[in-house]
Amino acid sequence: MSRLVVVSNRLADPRKPAAGGLAVALGETLKSTGGLWFGWSGAVVKDGTPGEGELRVHQAGPVTLAEIDLCQEDHDAYYRGYANGVLWPVFHYRLDLANLESGYLSGYRRVNHLFARKLMPLLKPDDLIWIHDYHLIPLAAELRAMGCDNRIGFFLHIPLPPQQILAAIPSHEWLMRALFAYDLVGFQSEADLLNFSHYVKAEATAETIGAGQFRAFNSTVQAGAFPIGIDVNEFQRLGRAHEAVDTYENTRTEYSRRRLLIGVDRLDYSKGLPQRIRAFNELLREYPENQHSATLLQVASPSREDVDAYADIQHELESLCGAINGNYGDFDWMPIRYIHRTVARKRLPGLYRACDVALVTPLRDGMNLVAKEFIAAQDEADPGVLVLSRFAGAAEQLTQALLVNPYDIPGTAQAIQRALQMPLAERQARHAALLENVRKYDVHWWCGQFLQTLAAVR
Ligand code: ADQ
């Protein structure tokens with residue numbers, strides 16, 4: 001079996017308890033092949049030289065971890081500037097928030113070149129290389145230019161927007177051409193794959209030469225949809241441990257007479273938080289029986305606070321929650337409990353299980369793993385209901401959820417009301433079907449499917 005080499009923007013230590021399903025699943029595969037994980041250490045060197053960074057290689061059991069520091073200038077241009085200020089908003093269909101006139105592209109190229117230069121000497125001829133996400137799109141092209149002939153796969157964790165949106169990025173042709181340096185390109189959903197197909201046919205006169213195979217720029221690339229999943233068994237095991245059980249019991253005691261709704265997100269404008277809060281406001285107005293009865297627990301973890309659009313969304317959310325609590329709240333009931341923090345992973349399953357309804361309503365999301373975690377955490381005899389945005393990649397799989405258009409505030413409020421009133425038998429039937437899907441397409445399926453496909457191309 002070939003050795004697996006994983007490259008991602010941030011290096012995660014698969015042994016740390018905070019590691020999510022992805023780090024754990026990749027960690028397992030890395031362990032079984034004696035693999036290498038390469039990425040940024042998270043450290044920013046104040047007065048370092050652009051395009052340079054210290055590499056540290058250490059052994060974590062059978063897995064080699066190779067981490068590189070970035071200097072301030074590279075971090076600002078590559079990570080904050082281009083990846084999170086240009087690619088993230090455009091790929092989430094938000095041209096209005098993209099800093100398209102920026103000169104960050106050169107920093108993005110410089111850091112990808114740096115990654116390639118540092119990774120190249122660590123590679124063996126037979127390695128299977130798996131590169132992750134929008135930070136590193138040009139990495140394979142950089143490696144190829146240095147003579148790397150290994151099989152290289154790429155997985156995009158975020159959506160790929162339609163051609164007309166992508167084409168607003170001044171360097172879109174260069175960016176999309178870079179995907180043809182890979183052997184395999186994986187997307188979260190069929191919708192993303194279709195956008196890729198339209199783009200390359202329209203902009204690069206690509207030909208389809210077989211199932212999912214595209215030829216353009218003198219190269220052939222295999223493309224496919226590989227929807228990511230969670231580690232269901234691991235998450236359910238967490239749910240049986242005492243931290244989750246305590247969280248469940250404390251939450252149910254604290255809100256003993258209430259119906260509970262939950263939202264768990266990074267505080268990001270793609271997650272549709274203001275729209276969700278407005279829909280909850282509409283629920284209280286249109287269906288007043290929920291006043292003094294329903295409480296929304298919204299947890300939003302701090303994220304990318306040095307990017308302007310993120311500070312804006314935080315203020316908007318705080319003022320919306322404050323207004324609703326002021327208008328509807330009473331001494332013995334607050335409609336919204338908003339917490340701007342990360343919940344410890346081991347408490348999450350208990351929190352999900354204590355709630356009657358989950359609101360997963362992003363305006364756009366590659367997949368959204370919170371939706372899958374909520375399903376996995378439910379009590380099968382008395383499960384909660386998932387209200388899910390049709391614009392999350394997860395909606396292609398989780399069709400038995402109550403699918404909503406998050407921009408349609410009254411429509412979303414109506415779906416929430418339906419969720420709160422759903423009879424037990426319907427809740428059980430929907431949940432059983434959802435759980436079967438989440439279980440079948442778990443993170444191990446995703447990992448295995450992608451790597452098998454990558455190993456078989458060429
Ligand atoms: P994210 O945008 O980070 O990931 P998501 O998939 O929803 O989105 O969440 C990732 C993890 O973070 C989940 O395990 C969740 O439990 C955890 N999390 C989020 N908010 C939290 C909070 N406040 N407290 C504690 N934990 C929290 C990107 C893409 C997604 C895609 C994933 C994986 O944007 O669309 O699903 O990658 O490919």
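Just one residue in the set LEU30, LEU26 is in contact (Cβ under 8 Å) with a residue 40 or more places away in the chain and either more than 25 Å from VAL443 (Cα to Cα) or in the same structural domain as LEU128 (by TED's automatic domain parsing) (or both); that residue is LEU26. Tallying residues that are touching a residue at least 40 places away in the same chain (Cβ under 8 Å) and either closer than 22 Å to PHE391 by Cα or small (Gly, Ala, Ser) (or both) within region 421-438 yields 7. The set of residues from region 287-333 being within 14 Å of the ligand (Cβ to nearest atom), in a helix (DSSP H, G or I) and not aliphatic (A, V, I, L, M) comprises TYR310, GLN314. For ALA377, are the conditions met, namely being of a type in the set (A, V, I, L, M, F, W, C) and either in contact with a Lys or Arg (Cβ under 7 Å, 6 or more places away or on another chain) or at positive phi (or both)? So ALA377 fits the description; yes. None of THR49, THR64 is of a type in the set (Ser, Thr, Tyr), farther than 18 Å from MET176 by Cα, assigned to a strand (DSSP E or B) and over 22 Å from the mean Cα position of the chain (by Cα) except THR64. Residues considered: GLY329, GLY350. Of these, the only one that is modelled with pLDDT of 95 or more, surrounded by 17 or more Cβ atoms within 10 Å (Cβ to Cβ), out of contact with any strand residue (DSSP E or B) (no Cβ under 7 Å at 6 or more places or on another chain) and not basic (Lys, Arg) is GLY350.
A quick yes/no check of all residues on (1) in contact with an Asp or Glu (Cβ under 8 Å, 6 or more places away or on another chain); (2) surrounded by fewer than 17 Cβ atoms within 10 Å (Cβ to Cβ):
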{"site": "SER8", "(1), (2)": "yes, no"}
{"site": "ALA25", "(1), (2)": "yes, no"}
{"site": "GLY35", "(1), (2)": "no, no"}
{"site": "ALA43", "(1), (2)": "yes, yes"}
{"site": "CYS71", "(1), (2)": "yes, no"}
{"site": "ASP74", "(1), (2)": "no, no"}
{"site": "TYR79", "(1), (2)": "no, no"}
{"site": "ALA83", "(1), (2)": "no, no"}
{"site": "ASP96", "(1), (2)": "no, yes"}
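Can you name the number of the only condition in (1) within 16 Å of the ligand (Cβ to nearest atom); (2) assigned to a loop (DSSP other than H, G, I, E, B); (3) among the aromatic types (Phe, Trp, Tyr) that TRP446 fails? Only one criterion is unmet by TRP446, namely (2). Once region 212-229 is narrowed to residues that are modelled with pLDDT of 95 or more and of a type in the set (A, V, I, L, M, F, W, C), the residue that is farthest from the chain's Cα centre (by Cα) is PHE214.
The values are calculated or read from the model by the stated rules, or taken from the named source; none is laboratory data. Source: prediction; values computed, not measured. Note: ideal-geometry Cβ built from the backbone for every residue, glycine included; neighbour counts use all protein chains shown.
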